[in-house]
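Below you'll find the structure, written out as structure tokens, and then a few comments.
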Amino acid sequence: MFMASKSMRVLNIVSGVLLIAVGIYCLCNQDIAAATAGFMVGIFMLVSGIIEIVVFAVTSGLLFGSGWLLLDGVLTVILSLFLLFNQWFTMLSLPLLFTLWLLFSGISRFVSAFDLKALGVHNWGWVLAVGIVLMIAGFICMMDPLVSITAVGMTVGLVFLLEGISAIVYACIPRTR
């Protein structure tokens, strides 16, 4: 039992170090990370869109403007399918798609925040703030498409880096038994 636990810790540390190395590589080579990010972004967008559609189906009678959530979910799924199944489209349009996704997601959250306020949810301001930040990021990316390419590359690098740190921290947490 002790050997298996020790082996798992070593594997977590090794995988953490490898993930950190890949994260640093992606942060240093954001153009390469952005080029390969289309697939990962497509998967994340597909999952996000499906979740939004399911949330709409479950809460459509409860939220006043839930149609915005459905619209956001459907547009996210459509864009994700383009990213996943058309590589030329992905390479040429990733900056625009990323920008549009930021804008639509920001508008959706902005509108949803006021629905939450009308329902008496106390932390509706956080949803509003996230919506505003997403819209501002979308406008910035619209003004300079290179910003969106850099943002995609940087995001991929940061995700790998944080996952690596998480694996190492998890391996170093003492287990009691």
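The values are calculated or read from the model by the stated rules, or taken from the named source; none is laboratory data. Source: prediction; values computed, not measured. Ideal geometry is used to build each Cβ from the backbone, glycine not excepted, and the neighbour counts take in all protein chains shown. Accessible surface is based on the protein model in full, side chains and every heavy atom, while ligands, DNA and RNA are left aside. Shrake-Rupley method; radii C 1.70, N 1.55, O 1.52, S 1.80 Å.
Details
- Residue tally, condition under 15 Å from the mean Cα position of the chain (by Cα) and open to solvent by 50 Å² or more (accessible area, probe 1.4 Å), over the stretch 97-121: 4
- Residue list for the stretch 131-153, restricted to those being surrounded by fewer than 16 Cβ atoms within 10 Å (Cβ to Cβ), modelled with pLDDT of 80 or more and in a helix (DSSP H, G or I): 132, 133, 136, 139, 140, 143
- Single residue of the stretch 21-61 satisfying the filter (at pLDDT 75 or above and hydroxyl-bearing (Ser, Thr, Tyr)) that is nearest to residue 97 (Cα to Cα): 48
- Tabulated pairs, the stretch 115-129, first under 18 Å from residue 68 (Cα atoms), second outside any helix (DSSP H, G or I), C-beta under 6 angstrom, 6+ apart or interchain: 115/63; 115/64; 115/65
- Inter-residue pairs, beta-carbon under 8 Å, first closer than 13 Å to residue 40 by Cα and in the stretch 144-161, second charged (D, E, K, R) and surrounded by fewer than 19 Cβ atoms within 10 Å (Cβ to Cβ), 6+ apart: 153/31
- Scan of the stretch 82-96 for residues that are at pLDDT 75 or above and either within 18 Å of the chain's Cα centre (by Cα) or not in a helix (DSSP H, G or I) (or both), ordered by number: 82, 83, 84, 86, 95, 96
- Of the numbered criteria (1) at pLDDT 75 or above; (2) more than 26 Å from residue 149 (Cα to Cα), the one residue 7 fails is (1).
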